[in-house]
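This report refers to the structure that appears directly beneath it.
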Amino acid sequence: MLYNLLRPARQPVGAHALLAAIARHYSPLPVMSPPPSSRRRAAIAFILVTALLDVMSMGIIIPVLPQLIETLSGSSAAAGMWNGLFVALWAGMQFICSPVIGSLSDRFGRRPVILVSVAGLALDFVLMALAPNLWWLALGRILAGVTSSSFTSTFAYMADITPPEERARGYGLIGAAFSGGFVAGPLLGGLLGEVSLRAPFWAAAGLSALAFIYGLFVLPESLSPDKRMAFSWKRANPFGALKLLRSHPELSSLAVVNFLLYFAHHLFSAVFVLYAGDRYGWGAWQVGTLLALVGLMDMGVQGLLVGRVVKQLGDRRTMVIGLSFGAVGIAAMGLAPTGWLFVAAMLPNALWGLAMPTIQSLMTRRVSESEQGQLQGANNSVGSIAGIMSPLFFGTVYSLSVGARPVLPFIGSAFLIAAGVLALGALIGWRAGRAEDAPSLDKAARGH
């Protein structure tokens, strides 16, 4: 089968040849650019289901991965070191590979890139399920960082099939699918983890395989051949991809806002569990329930609210409102003296979900259709940089604010700093999005 796919190509078998062959062989479905409204709705449904299954497959291993690391390492102290290393490996591979994946999707189309990535993720989970030691598990996290970079193609796909004025709603739906996956995945992983620490990895492999089969038979291509761009390592390397973000003054400012949003968001992965236990005495059950509630609220905001608010206020105002409510909510969390007030602060903080889809929408308007994959790759690299820096920063701040004689006198200092980061993002975003009503490159390209 693989020989038949690659036989027409005379170049050596590699990533380019494999993607080109898959693009030739698995293209029986019509290209969806630009699709009628009914076909566009179907295409959106297809990509959302694929994204949901993909995220569920990653979320399902969250409850058991640290325990498996501890089992293989032999001690909780060593597990902490290895877990930090695995997070850094995953984020580092995201930084390196996201622009490559995005540029490949600009060259060969979104569909073959998504299919290859999802299939690779399924094989990666099998590898981790069978991993006999930490080094094999580390290899699995590296491969997971590479294959999960396909999210860049998912966002580019949405840009292909939606007009600029509807992209915020489209990205909100993707965000809702992601949130749904991260709610259902850990819950299922926790249940399976009671059976075996390896069981969630096998289930994750099955979900990724299901996503591949679903995409193979249902997902149409979104990028027509006449709008594709030749692949270039100059643009595909992470530093070359970041140059795209400097190609337009407002694009640069929006990239800064995007970085600040990611930076503040990683506060929760860095210190939330420790903070909840130290200040409110919450255990794993309370924390897990609260995270599921956060995911459900995020689904509601991004899936139901974004489109309606954007229709009334526009992308820029909606983005600023989301960042502002996020700042207020995080500050309230840091100041909350009781657990119930912390939970109440989650309500304004949930409106933070208005920001990400609208930032994405504003950025897509400032590049051409053939650069959407490169843009999403650059955005993912920005998020990866924040994912490396932010946990180290907020972890250090938190360590300085607890203990018998803390350097920082207030235990919620990390939350207050994160609120300031989001407030700065809202200010920059207000200035950066002012020209959102000007003709976009996307519209200009369609006019030609």
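The values are calculated or read from the model by the stated rules, or taken from the named source; none is laboratory data. Source: prediction; values computed, not measured. No Cβ is skipped: glycine too gets one built from the backbone with ideal geometry, and neighbour counts run over all protein chains shown. We work out accessible area using only protein heavy atoms, side chains counted, and drop any ligands, DNA or RNA first. Shrake-Rupley method; radii C 1.70, N 1.55, O 1.52, S 1.80 Å.
For the stretch 407-427: of the residues being without any contact (Cβ under 8 Å) to a residue 60 or more places away in the chain and in contact with a Leu (Cβ under 6 Å, 6 or more places away or on another chain), which is most open to solvent (accessible area, probe 1.4 Å)?
Checking each candidate, the answer is Val407.
Report those helices (runs of 4 or more DSSP H) wholly inside the stretch 274-380 carrying at least 1 residues which are surrounded by fewer than 22 Cβ atoms within 10 Å (Cβ to Cβ).
Here the list reads 284-300, 306-335, 339-350.
Looking only at helices (runs of 4 or more DSSP H) that fall completely inside the stretch 224-273, which ones have 1 or more residues that are under 18 Å from the mean Cα position of the chain (by Cα), over 13 Å from Gly373 (Cα atoms) and among the small types (Gly, Ala, Ser)?
Because the criterion is at least 1 residues that are under 18 Å from the mean Cα position of the chain (by Cα), over 13 Å from Gly373 (Cα atoms) and among the small types (Gly, Ala, Ser), the helices (runs of 4 or more DSSP H) in the stretch 224-273 that meet it are 249-267.
Could you look through the stretch 233-250, keep only residues that are open to solvent by 20 Å² or more (accessible area, probe 1.4 Å) and of a type in the set (A, V, I, L, M, F, W, C), and pick out the one that is nearest to Gln376 (Cα to Cα)? First the steps, then the outcome.
First, pick out the residues of the stretch 233-250 that are open to solvent by 20 Å² or more (accessible area, probe 1.4 Å): 233-235, 237, 239, 242-243, 246-250.
The next check asks that each one be of a type in the set (A, V, I, L, M, F, W, C); those that pass are 233, 239, 242.
Working: Trp233: 16, Phe239: 14, Leu242: 10 Å.
Result: Leu242.
Quick check: is even one residue across the stretch 111-120 surrounded by fewer than 22 Cβ atoms within 10 Å (Cβ to Cβ), over 17 Å from the mean Cα position of the chain (by Cα), under 24 Å from Leu207 (Cα atoms) and of a type outside the set (A, V, I, L, M)?
Yes; the residues of the stretch 111-120 include at least one that is surrounded by fewer than 22 Cβ atoms within 10 Å (Cβ to Cβ), over 17 Å from the mean Cα position of the chain (by Cα), under 24 Å from Leu207 (Cα atoms) and of a type outside the set (A, V, I, L, M).
Go through the stretch 179-207 and give me each residue that's hydroxyl-bearing (Ser, Thr, Tyr), over 29 Å from Ala350 (Cα atoms) and part of a helix (DSSP H, G or I).
None; the set is empty.
How many residues, within the stretch 247-266, are farther than 19 Å from Trp430 by Cβ and modelled with pLDDT under 75?
Going through the stretch 247-266 one residue at a time, the tally reaches 1.
Quick grid of which residues meet (1) out of contact with any Asp or Glu (no Cβ under 6 Å at 6 or more places or on another chain); (2) under 21 Å from Glu70 (Cα atoms); (3) free of Cβ contacts under 8 Å to residues at least 40 places away in the same chain:
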| site | (1), (2), (3) |
| --- | --- |
| Trp90 | yes, yes, no |
| Ser105 | yes, no, no |
| Leu139 | yes, yes, yes |
| Ser153 | yes, no, no |
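Quick check on this structure: which one of Thr71, Thr152 is at pLDDT below 85, of a type in the set (Val, Ile, Thr) and within 20 Å of the chain's Cα centre (by Cα)? Steps first, please.
Values: Thr71 fails: within 20 Å of the chain's Cα centre (by Cα).
It is Thr152.
For the stretch 262-271, name all the residues that are touching a Leu at 6+ places or on another chain (Cβ under 9 Å) and open to solvent by less than 10 Å² (accessible area, probe 1.4 Å).
The answer is Ala264, and nothing else.
Restricting attention to the stretch 203-232, which residues are of a type outside the set (Ser, Thr, Tyr), in contact with a Leu (Cβ under 6 Å, 6 or more places away or on another chain) and open to solvent by less than 10 Å² (accessible area, probe 1.4 Å)?
Ala211, Gly215, Pro220
Conditions tested, residue by residue: (1) under 28 Å from Ala129 (Cβ atoms); (2) open to solvent by 10 Å² or more (accessible area, probe 1.4 Å).
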site: Phe155; (1), (2): no, yes
site: Thr162; (1), (2): no, no
site: Gly170; (1), (2): no, no
site: Leu173; (1), (2): no, yes
site: Phe178; (1), (2): yes, yes
site: Gly185; (1), (2): yes, no
site: Val195; (1), (2): yes, yes
